[in-house]
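Below is one structure; the comments refer to it alone.
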Amino acid sequence: MKKPFVQLFKTPRSQYVFDVNKNEMLPVSAESFDFLKQCIDGQADIGTASIEEIQELIREGYLRTESVVQEIRHPYTPYLKYFLDRKIAKITLQVTQGCNLRCKYCIYSEDINTHQRSHSNKRMSWETAKKGIDFLWDHSIDSPNVNIGFYGGEPLLEVPLLKRAVTYAKDLFNGKKLTFAITTNGTLLTDEIISFLAQEDILLTISLDGPKEIHDKSRVFPDGHGSFDTVMKNIDRLKAVAPEYAKNLSFSMVMDPANDFDCINQITIAAEDFNGYNFMASLVERDDEDTSSIYAEDYIWKSTYHQFLALLSVFGRYSEEQVSALSRSSVGAILNDMKLLQGTAPLRSVDAPSGPCIPGQLRLFINADGLFFPCERVSETSLATNIGSLETGIDIRKAEHLLNVGAVSQENCKNCWSFRHCTMCAKRSDGGGVTLSPKEKLLHCREIRSATYSQLRRQLLLQEVSTYYQEQVREEVTLDE
């Protein structure tokens, strides 16, 4: 039996069919929805459809039974050398692999991720840092704005190197818009360091995982005691020494879903010290574990509830001041992605799933040894994701392999309904070999499809709420008149 290449969505008010080839979301009748479901389940044949709406869609070129994609090849492949020769926008310098904390979820812990390097005292030399900055200068000719990030380990262990790198870069990039960024655990901030960061207007992000009882569970010193009190004292010092600079402070929060969401969230909604600050949240990475077993029930329903409150605030039915920064950020991302429902390009005969960035162009990671990786999130021990070095330059062939990660499992990708909304990149396709692993990549596909489904359904709900809520308002106004 012939099955249409579609995905079905149902909301409390309506039902939709997502045509994968056309990359369009279409409202359909309940009768059409039920018939298409039967086709997908193998209980009916799309070629025998008698429903007028279905026949009309077929006449208009919808509901094809096969993917139009014949070959997976990223459209930027022919221009990859240009991007990496002339349009690199950012480098991240790993100034040290050392750290003064021993966070329990850290990917550099021997117990967490066997595919990564472990804790190390290796430091980046000035010669390597200088070559990295020179490399950015030589390869950012067509980038009007460039950024240099400092990464660790804990980058504030290497303040003299940071100062030297900033001074050198400012002289070298005179006339071009240059910015700096640093992420720190916040335990080493002194008046001198704060003054330096403020003077150079370095975008500062401090890691803070929640209130004391949550933060101190994981973010600990080598002797096991928590770092929360030290971080808070230094944040207060930052506000005293450089109050204007402190207004632009951001926080990075790693959330462990095994904890109660309300406990994690408390610091963003109840603590006056953090009102108005930007929080960037991510979940603890457990690459080698079954993540289905680590989500606490309290985390799931409470995080969903706070997202609901954030949505209510969008429609003026709940005070925005009472919405947590985490939930506001999450809902903001959903609202910004509403364009996905409007459709982008339909699938082409030669195409590639969305997901991979241009490896090394947006945030080239240079480790302490001067090796190149597409970003700081991939494994530093990986041969597959190592795309060159300061000595040899960028290996275009390896960068092309990462860019075309979809080709690693071409047949699966060609026939996946989430083709245009995929978030797969090289990180999730790295099995520890010389090249990317199809087996490793396919392990994450179900998770990505599930996330895509939830995202699109939420956007459908938001679209419907906007429409029906406006109709309700008009009806209420009419009744009042």
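Observations
- In the stretch 290-310, the residues that are more than 14 Å from residue 327 (Cβ to Cβ) and open to solvent by less than 90 Å² (accessible area, probe 1.4 Å) reach residues that are at pLDDT below 85 and hydrophobic (A, V, I, L, M, F, W, C) with C-beta atoms within less than 7 angstrom, at least six apart or across chains, in these pairs: 294/258; 296/258; 298/261.
- Candidates 380, 376, filtered to the one that is part of a loop (DSSP other than H, G, I, E, B), touching a Lys or Arg at 6+ places or on another chain (Cβ under 7 Å) and open to solvent by 10 Å² or more (accessible area, probe 1.4 Å): 380
- For residue 381, the conditions (1) within 26 Å of residue 24 (Cα to Cα); (2) in contact with a His (Cβ under 9 Å, 6 or more places away or on another chain) all hold with the exception of (1).
- Among residues of the stretch 265-289 being at pLDDT below 80 and either of a type in the set (S, T, N, Q) or over 30 Å from residue 203 (Cα atoms) (or both), the one that is surrounded by the most Cβ atoms within 10 Å (Cβ to Cβ) is 268.
- Checking each residue in the stretch 43-67 for being within 14 Å of residue 7 (Cα to Cα), open to solvent by less than 70 Å² (accessible area, probe 1.4 Å) and not β-branched (Val, Ile, Thr) picks out 62, 63, 67.
- Contact map, the stretch 157-179: first residue closer than 13 Å to residue 129 by Cα, second residue of a type in the set (D, E, K, R) and open to solvent by 50 Å² or more (accessible area, probe 1.4 Å), Cβ cut-off under 7 Å, separation 6 or more or different chains; pairs are 158/123; 168/130.
- Selection count, the stretch 404-432, where residues are assigned to a helix (DSSP H, G or I) and touching a helix residue (DSSP H, G or I) at 6+ places or on another chain (Cβ under 6 Å): 8
- Annotation note: of 94, 70, the sole residue that is open to solvent by 60 Å² or more (accessible area, probe 1.4 Å) and either in contact (Cβ under 8 Å) with a residue 40 or more places away in the chain or among the acidic types (Asp, Glu) (or both) is 70.
- Residues in the stretch 347-373 that are at pLDDT below 95 and either open to solvent by less than 20 Å² (accessible area, probe 1.4 Å) or out of contact with any Pro (no Cβ under 9 Å at 6 or more places or on another chain) (or both): 354, 355.
- Pair list, Cβ < 8 Å and 6+ apart or interchain, from the stretch 332-361 residues that are of a type in the set (Phe, Trp, Tyr) to residues that are at pLDDT 90 or above and open to solvent by 50 Å² or more (accessible area, probe 1.4 Å): none
- Scanning the stretch 60-103 for residues that are closer than 25 Å to residue 371 by Cβ and of a type in the set (A, V, I, L, M, F, W, C) turns up 80, 83, 84, 88, 89, 91, 93, 95, 99, 101, 103.
- Condition met for residue 442 (without any contact (Cβ under 8 Å) to a residue 60 or more places away in the chain and out of contact with any Pro (no Cβ under 7 Å at 6 or more places or on another chain)): yes
- Scanning the stretch 74-97 for residues that are of a type outside the set (A, V, I, L, M) and in a helix (DSSP H, G or I) yields 77, 78, 79, 81, 82, 83, 85, 86.
- For the stretch 395-440, taking the residues that are β-branched (Val, Ile, Thr) and either over 27 Å from residue 118 (Cβ atoms) or open to solvent by less than 30 Å² (accessible area, probe 1.4 Å) (or both), the one that is modelled with the lowest pLDDT is identified as 423.
- Qualifying residue in the stretch 146-157 (condition: closer than 19 Å to residue 252 by Cβ, among the charged types (D, E, K, R) and part of a loop (DSSP other than H, G, I, E, B)): yes
- Hits in the stretch 162-180 - residues which are on the phi < 0 side of the Ramachandran plot and open to solvent by 20 Å² or more (accessible area, probe 1.4 Å): 163, 164, 167, 168, 170, 171, 172, 174, 176, 177, 178, 179
- Test result for residue 13, part of a loop (DSSP other than H, G, I, E, B), open to solvent by 50 Å² or more (accessible area, probe 1.4 Å) and at pLDDT 95 or above: no
- Residues of the stretch 130-145 that are touching a residue at least 12 places away in the same chain (Cβ under 8 Å) and part of a helix (DSSP H, G or I): 130, 131, 132, 133, 134, 135, 136, 137.
- Within the stretch 20-41, tally of residues that are out of contact with any helix residue (DSSP H, G or I) (no Cβ under 8 Å at 6 or more places or on another chain), in contact (Cβ under 8 Å) with a residue 40 or more places away in the chain and open to solvent by less than 30 Å² (accessible area, probe 1.4 Å): 1
- Residue count for the stretch 210-234 satisfying the condition of being surrounded by fewer than 20 Cβ atoms within 10 Å (Cβ to Cβ) and out of contact with any Gly (no Cβ under 6 Å at 6 or more places or on another chain): 14.
- Criterion (hydrophobic (A, V, I, L, M, F, W, C) and either open to solvent by 10 Å² or more (accessible area, probe 1.4 Å) or under 25 Å from residue 360 (Cβ atoms) (or both)) met by exactly one of 80, 101: 80
The values are calculated or read from the model by the stated rules, or taken from the named source; none is laboratory data. Everything numeric here is computed off the predicted structure, so don't read it as measured data. In this analysis, Cβ positions are derived from the backbone assuming ideal geometry, glycine residues included, and neighbour counts consider all displayed protein chains. SASA here: full protein model, heavy atoms, side chains in, ligands and nucleic acids out. Shrake-Rupley method; radii C 1.70, N 1.55, O 1.52, S 1.80 Å.
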